[in-house]
Each structure stands twice: as C-alpha cells, then as structure tokens.
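To start, the structure under review is shown below, and the notes come after it.
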Amino acid sequence: MTATFLDLGLNQSLIEGLKKQGIEQPTSIQAKTIPLGFENRDIIGQSQTGSGKTLAYLLPIFHKVDSSKREMQAIILAPTHELVMQIEKQIKTLAENSGIPVKSAAIIGQVNIERQIEKLREKPHIIVGSAGRILELIKRKKISAHTVKTIVIDEGDRMLDENNASNVKDIIKTTMRDRQLMVFSATINDRTMSISKELMKDAAVVKAEEQEKLNPNVEHIYLLAEQRDKIEILRKLIAAIEPPKAIVFINKSDEIDITTSKLKFHKLNAVGIYGTAEKEERKKALEGFRSGKNQLLVASDLAARGLDIQDVTYIFNLDLPAEPKEYLHRAGRTGRMGKEGLVISIVTAKEEAQIKKYQNAFKLNIEQKEIHMGALIEPGTKNEAAKKQIKAKK
Ligand code: AMP
C-alpha cells in the first residue's frame, strides 16, 4: 500500500490544506522525501518536473517552521523568475489553505531592491528567490542568514553550474553549520552530485520511481523535414491535431522572436516567452498562454525551465536539444499528473541520429511518422488503410 500524508507524519492542518488544493495522495518523491525532511537530513532529490517536488520540500518546511517567531527560517533558491513566483504561489496557497500563518517573500533580481528590503522588515519565514539578489541582501544584512534552518536548491543542475554555483555556495556559507540542505533536480549530473555532497553532511540520495522519470502517459514521435520546411510541417501538424495548448521548443533564446513571427505569419496563434526580456513581458506571454488566449508558446530550454503550466498536451521540438536530458526536461512539460501527452520532434536527416541517442539514453520508443492529408501515418504508407488518424488529446 502506498503511504498517506498521515503515515508520513504530516499534521492535520497541512493534510486539510492539501485537500482543499485537491491533493490527497503523496507522489513518489514526496513519500520518499518528507520523512527525511522531518529528520533534518540533507537530501539530494531526483525527480522529473511535474512530479510534485515543490511540495516534497515545502511540506517539511511548513511542518517545522515556527510561525510564532518573527524570524527568517528557510531559503529556497531557484533559477528563473517564473519558478520563483510559482514556488511562492504554492507557499501562499498552502499557508492560506492550512491556516498556518507562514509568511514568505519572493526576492528576484532586476526589480526594485528597496521594496524588497521593505518586505524583509516583516521578517518573512520563507524567502524564495534568485541566488544573486539573495546574496546581495545577506551582505547588506537585510536577510539574517544565521536564523535560517533550511536551504533548498531547486533545479539543482542549473543552480550549481559554472555560472551560479559560487553565489549559491556563498549563501550557504553564511548560514549555520547545522542547517539542512536539500537539492532537487530532474536530472542530477556528476557535478551537481559532487558539489552537493561537498556541502552536505551524510546526504540522503532520493530518486523518484524510475518509471516516473519516463512518464508512461507521454508518447514520442518524430517527422523528417528539410530545415526550411519545418515551420510548414508544424503548421500542418497544428491544423491536423488542433492542440488546445502546446509548447514549441527551439534551442536558441535569441531566435524566439523570429520563430514566433514566422508562426504568426502562418496564422498560428503563438506567443514567445523570452529568457532575458522584461519581467512584465514574460508575465504577459505566460498569462496569454495559461488562459488559453494563445494556443502556442514558443520557448527555449532556458526560458521554459521549471515552468508549471497545466494542461499542455503537446510538445513540438523545432530544434533538437544537444543534451538528452534537455529532451527529457521538454517532455516533462506535458503529461503532468496523470494526463496524457505527445512529444513531436520535427528533425532534419542530420538530426535523426540524435533521436537515436535519446532512444538509447532513456530506452524510449520514438517512432517516425509522416503527415499526409491531415493525418499522422507510418512512413511510406500513404494508402487509406494504413492511415492512422490521431485524435487530439484534450
Ligand atoms: P511540481 O513537480 O512541484 O512542479 O508539481 C507539479 C504539479 O503537481 C503542481 O501543480 C502541484 O500542485 C501538483 N501536485 C503536487 N503534489 C501533488 C500530489 N501529491 N497529488 C496531486 N497533485 C500534486
């Protein structure tokens, strides 16, 4: 039998609070992490995006926070603004639904620091934000790191890469030695593993069930196309499938604009999300997509990292990511929480070798298809009998 939240030791307020959010059964990563979290163990947690990792670390924090104290008690570090906002939203929802008066603050770069300092005067219990700005505020003594008992690093493989690791390490150094450290990521590379272990004492390595990593509800196919025909193939696919919401992935963030324009030129209802653009613009793009106003979201791996968008049933890869793990990250945007999903890669003959690489890396079955008269068919079988009409997964 699978454990319940009660079995895991969660208090009644949290159990009731989760119920209001429609959450009744712990996911695999939650079942494995929560008891360790209660024991103050340092944790390296590997689980795919959409598998409930945010609550896997938030629930032990909520359980342990002393909300009667006006004291900063936990720091959560995440790589993108959207992910920070999503985590903060989950904190606020849980606080409201459980009635546990945990206060939080989102601290991200490129916004007015004075307002953040103002917010920090209220001594939020949980601070969630980007490493650079949090470090700055610790140095300016606006964040009191010595009262912090838990640090979480979300999207660990990104947060501990060459660009970010030094800020993260500096933050950790300012906290007390007996603080708890949790690192979570969909994939844990060697570097993340060794840095995490360096920073931890007696780390518990936790992996979500293997089959969860490869979501069985997500299918994978690919179509061959000349580079210059890719958009046209995409247009045909969209017309055939009519996906309610789909993400179109490309590799380079600086081509999001031009790709979005090309899709719009083909009368496709697309919006681009940028890695570097103004916060407001990103927010607007996401809102348009979330609300269903825009059918397609054009993104790069960087721009889409960690985003939790519900009901995405299709992923289109216009470029293939160089790294197999990025392919997995992209696929993780769909098929969330038991829903179905389809990942469709449009590849050149040259890129086809990479498809084979993913197949081997993840023991995936990625079948080749063709689009013919509005239907996806086996290659070379353009007769009616072999035509397999593919239904939109709504
Ligand atoms: P995450 O992996 O943290 O991005 O979570 C993905 C989504 O799953 C979020 O929308 C959560 O609200 C939802 N979720 C988290 N835990 C559970 C659970 N135990 N049961 C059902 N949904 C959940």
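Of all residues being among the hydrophobic types (A, V, I, L, M, F, W, C) and touching a Gly at 6+ places or on another chain (Cβ under 6 Å) in the range 107-132, which is nearest to Lys19 (Cα to Cα)? Just the residue, please. Can you show your working first?
In the first step, residues of the range 107-132 are kept if they are among the hydrophobic types (A, V, I, L, M, F, W, C); the result is 107-108, 111, 113, 117, 120, 126-128, 131.
When the remaining residues are screened for being touching a Gly at 6+ places or on another chain (Cβ under 6 Å), the result is 107-108.
On the way: Ile107: 29, Ile108: 30 Å.
Result: Ile107.
Among residues belonging to the range 335-358 that are part of a helix (DSSP H, G or I) and of a type outside the set (A, V, I, L, M, F, W, C), point out the one that is farthest from Thr54 (Cα to Cα). I'd like the intermediate steps shown before the answer.
Within the range 335-358, the subset part of a helix (DSSP H, G or I) is 336-338, 352-358.
Now restrict to residues that are of a type outside the set (A, V, I, L, M, F, W, C): 336, 338, 352, 354, 356-358.
Details: Arg336: 14, Gly338: 17, Glu352: 35, Gln354: 31, Lys356: 32, Lys357: 30, Tyr358: 27 Å.
Among those residues, the one meeting the criterion is Glu352.
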| query | All but one of (1) touching a strand residue (DSSP E or B) at 6+ places or on another chain (Cβ under 9 Å); (2) away from the ligand (no atom under 16 Å from the Cβ); (3) over 29 Å from Arg228 (Cβ atoms) hold for Glu287; which doesn't? | reply | (1)
| field | Failed criterion for Met182 (all others in (1) in contact with a Phe, Trp or Tyr (Cβ under 7 Å, 6 or more places away or on another chain); (2) closer than 23 Å to Gln368 by Cα hold) | value | (2)
| remark: Within the range 330-358, of all residues that are over 12 Å from Leu223 (Cβ atoms) and polar (S, T, N, Q), the one modelled with the lowest pLDDT is Thr334
| remark: By residue number, the members of the range 33-53 that are at pLDDT 95 or above and either under 12 Å from the mean Cα position of the chain (by Cα) or of a type in the set (Lys, Arg) (or both) are Arg41
| field | the range 70-104, subset touching a Lys or Arg at 6+ places or on another chain (Cβ under 7 Å) and surrounded by fewer than 20 Cβ atoms within 10 Å (Cβ to Cβ), residue farthest from Asn11 (Cα to Cα) | value | His81
| message | Among the residues of the range 239-261, what is the count of those that are in a helix (DSSP H, G or I) and either in contact with a Leu (Cβ under 6 Å, 6 or more places away or on another chain) or over 20 Å from Ala304 (Cα atoms) (or both)? | response | 4
| remark: Checked pairs for the range 48-75, first among the charged types (D, E, K, R), second part of a helix (DSSP H, G or I), C-beta under 6 Å and 6 or more apart or across chains, list as Lys53/Ile29; Glu71/Thr147
| said: The conditions are (1) surrounded by fewer than 22 Cβ atoms within 10 Å (Cβ to Cβ); (2) within 11 Å of the ligand (Cβ to nearest atom); (3) over 25 Å from Ile273 (Cβ atoms), and Ile34 fails exactly one of them. Which is it? | reply: (1)
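If you check Ile87 against the conditions, is it within 13 Å of the ligand (Cβ to nearest atom), modelled with pLDDT of 95 or more and in contact with an Asp or Glu (Cβ under 8 Å, 6 or more places away or on another chain)? Before you say what the answer is, go through the steps one by one.
Details: within 13 Å of the ligand (Cβ to nearest atom): yes; modelled with pLDDT of 95 or more: yes; in contact with an Asp or Glu (Cβ under 8 Å, 6 or more places away or on another chain): yes.
Taking the combined requirement at face value, the residue satisfies it.
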| query | What is the one condition in (1) farther than 27 Å from Lys201 by Cβ; (2) among the small types (Gly, Ala, Ser); (3) more than 11 Å from the ligand (Cβ to nearest atom); (4) under 23 Å from the mean Cα position of the chain (by Cα) that Gly22 does not satisfy? | reply | (3)
| request: All but one of (1) closer than 28 Å to Ser28 by Cα; (2) over 13 Å from the mean Cα position of the chain (by Cα); (3) crowded, with 24+ Cβ neighbours inside 10 Å; (4) of a type outside the set (Ser, Thr, Tyr) hold for Leu342, so report the exception by its number. | output: (3)
| query | Does Lys236 satisfy being part of a helix (DSSP H, G or I), basic (Lys, Arg) and buried (at least 20 other Cβ atoms within 10 Å of the Cβ)? | reply | no
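For the condition in contact (Cβ under 8 Å) with a residue 12 or more places away in the chain, surrounded by fewer than 18 Cβ atoms within 10 Å (Cβ to Cβ) and not in a helix (DSSP H, G or I), what is the one hit in Lys169, Lys201?
Numbers: Lys169 fails: not in a helix (DSSP H, G or I).
Exactly one of Lys169, Lys201 is in contact (Cβ under 8 Å) with a residue 12 or more places away in the chain, surrounded by fewer than 18 Cβ atoms within 10 Å (Cβ to Cβ) and not in a helix (DSSP H, G or I), namely Lys201.
Quick one: would you say Ala361 is at pLDDT below 85 and either in contact with a helix residue (DSSP H, G or I) (Cβ under 7 Å, 6 or more places away or on another chain) or buried (at least 17 other Cβ atoms within 10 Å of the Cβ) (or both)? Give the derivation first.
Details: at pLDDT below 85: yes; either in contact with a helix residue (DSSP H, G or I) (Cβ under 7 Å, 6 or more places away or on another chain) or buried (at least 17 other Cβ atoms within 10 Å of the Cβ) (or both): yes.
Against the criterion (at pLDDT below 85 and either in contact with a helix residue (DSSP H, G or I) (Cβ under 7 Å, 6 or more places away or on another chain) or buried (at least 17 other Cβ atoms within 10 Å of the Cβ) (or both)), Ala361 qualifies.
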| field | the range 363-380 residues that are outside any loop (DSSP other than H, G, I, E, B), paired with ones that are of a type in the set (Gly, Ala, Ser) (beta carbon under 9 Å, 6 or more apart) | value | Ile366/Ser345; Glu370/Gly380; Ile371/Ala240; Ala375/Ala240; Leu376/Ala240; Ile377/Ala386
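Here is a yes/no grid of residues against (1) part of a loop (DSSP other than H, G, I, E, B); (2) more than 18 Å from Met159 (Cβ to Cβ); (3) in contact with a strand residue (DSSP E or B) (Cβ under 9 Å, 6 or more places away or on another chain); (4) in contact (Cβ under 8 Å) with a residue 24 or more places away in the chain:
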site: Val298; (1), (2), (3), (4): no, yes, yes, yes
site: Leu302; (1), (2), (3), (4): no, no, no, yes
site: Asp311; (1), (2), (3), (4): yes, yes, no, yes
site: Phe316; (1), (2), (3), (4): no, yes, yes, yes
site: Asp319; (1), (2), (3), (4): yes, yes, yes, yes
site: Arg330; (1), (2), (3), (4): no, yes, yes, yes
site: Arg333; (1), (2), (3), (4): yes, yes, yes, yes
| request: Go through (1) modelled with pLDDT of 95 or more; (2) among the charged types (D, E, K, R); (3) under 26 Å from Phe289 (Cβ atoms) and name the single condition Glu82 misses. | output: (1)
| the range 176-191: number of residues that are modelled with pLDDT under 95 and closer than 21 Å to Ser51 by Cβ | 5
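The values are calculated or read from the model by the stated rules, or taken from the named source; none is laboratory data. Since the structure is predicted, the reported quantities are computational estimates derived from the model, not experimental observations. A quick note on method: Cβ atoms are made from the backbone with ideal geometry, for glycine too, and the neighbour counts reach across all protein chains shown.
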